[in-house]
1. Sort out which residues of region 72-117 are hydrophobic (A, V, I, L, M, F, W, C) and assigned to a loop (DSSP other than H, G, I, E, B), and write them in order of number.
2. Given the condition assigned to a helix (DSSP H, G or I), in contact with a helix residue (DSSP H, G or I) (Cβ under 9 Å, 6 or more places away or on another chain) and modelled with pLDDT under 85, answer yes or no: does some residue in region 32-45 qualify?
3. Does residue 149 fit the bill of being at pLDDT below 85, of a type in the set (Gly, Ala, Ser), in contact with a strand residue (DSSP E or B) (Cβ under 8 Å, 6 or more places away or on another chain) and not in a helix (DSSP H, G or I)?
4. Based on this model, can you work out whether residue 68 counts as closer than 16 Å to residue 45 by Cα and surrounded by 11 or more Cβ atoms within 10 Å (Cβ to Cβ)?
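The values are calculated or read from the model by the stated rules, or taken from the named source; none is laboratory data. Predicted model, so just to flag it, every value in this text is computed and none were measured. Neighbour counts are summed over all protein chains in view; Cβ atoms, including those assigned to glycine, are modelled from backbone coordinates with ideal geometry.
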Amino acid sequence: MGLYRASKLDVVTDCDEKTRKSANKDLGKKASERWECILHYLALPSQKSEQGVSSTTKMLFRTAGLTSYDEDGGDIEITSAGFQFLLLSRTEQIWTYLLHYFHMQEATGNDITVEIEFLLRLTLCVGSTSSNIGNNHGSGDKERQSSSGRAFRIDETWSEPVKGFLMHLRELGLIFIRKRKDGFVFF
């Protein structure tokens, strides 16, 4: 069974070449910009830096102990744990962030299994990179490599938690949605 069928995500075949090229050009740039925006908020929390960060991310940083309020209770500042977070590699930062996100969702009584299942389905479609360990990934390697810049349809029947998680992944720069009305996502 192919990776895309196993992921249960629909590949968009009717995406015009101009849109695909535009998205491919923007994928890496947008991903870096989004993550840098979040790191900038963590490193230097201010009214300006918080504009590009969701309330979920701000709450996550506080509940994870990465930020706290100063002694006056007014300004947000980075903690020692937050500084240690900044010293991690980008991959470690993202996985640490996602773990804190899932813990926070669980603590508020949300069922995280649908979000974890969706994340695992996405991983079946992500292209391999030079940072992968090992050279031989089996017969699915060519399919995995060709998925870079491939569009997948946003299914309107997805549950609200999945749609919300999708938008959160967009905030983190892990996926790219050029225009929400297009109805597809790149990663």
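1. If the condition is that a residue be hydrophobic (A, V, I, L, M, F, W, C) and assigned to a loop (DSSP other than H, G, I, E, B), then 88, 112 are the ones that fit.
2. No, the conditions are met nowhere in region 32-45.
3. Numbers: at pLDDT below 85: yes; of a type in the set (Gly, Ala, Ser): yes; in contact with a strand residue (DSSP E or B) (Cβ under 8 Å, 6 or more places away or on another chain): yes; not in a helix (DSSP H, G or I): yes.
Taking the combined requirement at face value, the residue satisfies it.
4. On the way: closer than 16 Å to residue 45 by Cα: yes; surrounded by 11 or more Cβ atoms within 10 Å (Cβ to Cβ): yes.
In short, yes.
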